[in-house]
Amino acid sequence: MTLDGDVCVVTGACGFLGKTLIRMLLEQEKKLSEIRLLDINVKQELLQSLEESRSDVKLSAFEGDIRDAEFVRKACRGATLVFHIAAIIDVIEAIEPSEIYGINVKGTQNLLEACIQENVASFIYTSTVEVMGPNKEGEPVVNGHEDMAYCSSLKTSYSKTKKEAEDLTLGYNGKSLPNGGRLATCALRPMYIFGEECRFLLSHMADGVRNGDVLYRMSLPEAKVNPVYVGNVATAHLQAARSLQDPERRERVAGKFYFVSDDTPHVSYSDFNYEVMSPLGFSIQDKMIVPLPLFYVFCFLWEMACLMLRPFRRVVPSVNRQLLTMLNTPFSFSYDKAKRELGYTPKYTWQQARSNTTRWLAQQLPKQREKVWTK
């Protein structure tokens with residue numbers, strides 16, 4: 001099944017995953033009618049970089065805020081498929097909860113309502129593994145799946161709002177459209193996404209440069225997770241779209257969520273950083289700076305101090321207990337269900353993904369060193 005003649009809306013089009021998905025659509029779906037790039041600011045450089053591969057596909061920029069219902073409805077008018085990627089990602093609670101809710105939940109609801117009003121047939125929501133956990137008790141999951149029971153007890157605004165938006169998305173599945181059809185929705189839950197332009201990897205590399213090319217160990221070696229390459233996440237989105245647009249597979253996929261991973265080795269977050277940065281001359285600390293239990297105590301005291309200062313000044317800890325739990329809980333998931341029902345197979349091997357990522361990091365390294373030297 002192809003997306004011939006479809007009009008696709010991609011929210012968060014200028015982001016890490018959005019750009020990768022758009023390029024993949026242009027490479028693999030030459031008979032698309034139009035791709036609408038929806039973002040707060042669509043840069044001309046991006047549009048120009050896509051020109052060579054666009055063939056006869058129309059590229060349209062829609063600049064605006066997904067909290068604006070009228071803007072969203074205009075962007076969806078005449079569309080057949082929405083990839084909703086846009087979100088605020090915040091793992092340290094640096095952003096006000098109301099701001100996160102407005103984008104992650106209200107923005108999603110606006111898009112779903114626009115799909116109903118404008119007869120958009122299919123809606124794919126980019127969720128996250130963090131809607132599953134890990135929970136505050138740090139209960140591990142190894143090769144988990146969609147049907148397993150797990151007490152999530154979500155704590156951060158990010159994980160809560162992503163789960164609420166995912167539930168909204170799946171709740172809209174099957175709603176009637178004015179033209180007599182029904183909206184089909186599904187949600188994808190990627191693991192931690194890495195690859196070119198990953199801001200988290202760039203931040204870890206900058207910290208390593210400041211530490212004399214030694215990466216900090218923030219997670220125990222046994223706390224294994226399975227990151228996923230951005231190109232493979234884009235592949236899963238494309239396969240989900242094809243499945244929802246295929247009359248024979250649509251009912252099987254609609255209303256479900258799928259974990260998205262690939263064949264990246266299961267390692268801790270810290271050891272993963274080392275995997276992609278060791279070719280650039282980085283080493284990694286053998287042990288955490290302080291034992292993990294003591295680290296929790298330190299984070300608790302830091303959080304309490306920030307809470308006491310809140311009436312006078314908003315200070316955000318760079319590490320909190322929930323983040324520490326996430327970094328130190330074995331938490332991995334299989335992509336078997338996505339393979340069976342979506343036809344998803346990772347496009348990029350681990351070797352290709354690591355090579356692409358390391359090459360990009362190598363290009364960024366001189367800039368990071370310059371920042372350190374000039375301070």
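FYI, it's all coordinate maths here, none of it is from the lab. Computed from a predicted model, the values in this text were never measured in an experiment. Here Cβ is always computed from backbone atoms with ideal geometry, including for glycine, and neighbour counts include all displayed protein chains.
When each of the peptides 169-182, 327-340, 305-318 is scored by how many other beta carbons lie within 10 Å of its residues on average, the order from highest to lowest is 327-340, 169-182, 305-318. Local charge for Ile193 was computed over the other residues whose Cβ lies under 13 Å away, with Lys and Arg +1 and Asp and Glu -1, and equals -1. Excluding same-chain neighbours fewer than eight residues apart, the lysines reachable from Lys162 by a Cα-Cα span under 16 Å are Lys106, Lys256.
Bridging of Lys19 to aspartates and glutamates at a Cα separation below 16 Å is possible for Glu27, Glu29, Glu34, Asp39, Glu45, Glu51, Glu52, Glu63, Glu196, Glu197, once same-chain residues fewer than 8 apart are set aside.
Less than 5 angstrom separates the built amide H of Asn135 from none of the residues sequence-distant by 5 or more or on a different chain.
When Rg and the Kirkwood radius Rh are both evaluated on Cα atoms of segment 26-172, their ratio Rg/Rh stands at 1.02.
For Gly18, the shell of other residues with beta-carbons less than 11 Å away shows a net charge of 0, using +1 for Lys and Arg and -1 for Asp and Glu. Quick check: from the Cα gyration tensor, does segment 224-318 come out rounded (a/c under 1.5), prolate or oblate? Oblate, because a/c is 1.5 or more while a/b does not exceed b/c.
Using the average count of surrounding beta-carbon atoms within 10 Å as a protection proxy, the listed peptides 292-298, 28-34, 138-144 rank, highest first, as 28-34, 138-144, 292-298.
Residue-wise HN-Hα couplings along segment 309-319, as the Karplus relation 6.51 cos²θ - 1.76 cosθ + 1.60 with θ = phi - 60° gives them from phi, are 7, 3, x, 10, 7, 8, 10, 10, x, 6, 9 Hz; Gly and Pro carry x.
Report the equivalent ellipsoid semi-axes for segment 179-337 in whole Å, largest first, defined as the square roots of five times the eigenvalues of the gyration tensor built from alpha carbon atoms.
After diagonalising the Cα gyration tensor, the semi-axes are 36, 22, 14 Å.
Here the Karplus curve 6.51 cos²θ - 1.76 cosθ + 1.60, taken at θ = phi - 60°, turns the phi angles of segment 269-279 into couplings of 4, 5, 5, 5, 3, 5, 4, 8, 10, 4, x Hz, with x standing for Gly and Pro.
From the Cα gyration tensor of segment 244-372, with a ≥ b ≥ c the square roots of its eigenvalues, which class applies: rounded if a/c is under 1.5, or else prolate if a/b is larger than b/c, or else oblate? Since a/c reaches 1.5 but b/c is at least a/b, the shape of segment 244-372 is classed as oblate.
Can you tally the net charge around Tyr335? Count Lys and Arg as +1, Asp and Glu as -1, for every other residue whose Cβ sits under 12 Å from the Cβ of Tyr335. Summing Lys/Arg as +1 and Asp/Glu as -1 gives -1. Counted over the chain, the DSSP beta bridges are approximately 5% antiparallel. For segment 125-168, GluC sites (Glu not before Pro) meeting the loop criterion (DSSP other than H, G, I, E, B) and having at most 12 other Cβ atoms within 10 Å: Glu137. Each principal axis of the Cα atoms in segment 293-333 has its own extent, and those three values, largest first, are 42, 22, 10 angstrom.
Put simply, the amide H of Ser219, placed in the peptide plane, has neighbours under 5 Å in Ser270, leaving out anything fewer than 5 places away on its chain. For Asp90, no residue 5 or more places off, or on another chain, has a built amide H under 5 Å of its own.
Take the cross-link list Lys30/Lys163; Lys163/Lys339; Lys43/Lys339 and give me the ones stretching past 25 Å between alpha-carbons. Too far apart for the 25 Å limit: Lys30/Lys163; Lys43/Lys339. When the Cα centres of segment 121-194 and segment 273-343 are compared, how far apart do they sit, in Å? First find each Cα centre; the distance between them is then 21 Å. Packing around the peptides 261-271, 59-69, taken as the average count of other Cβ atoms within 10 Å per residue, puts them in this order, highest first: 261-271, 59-69.
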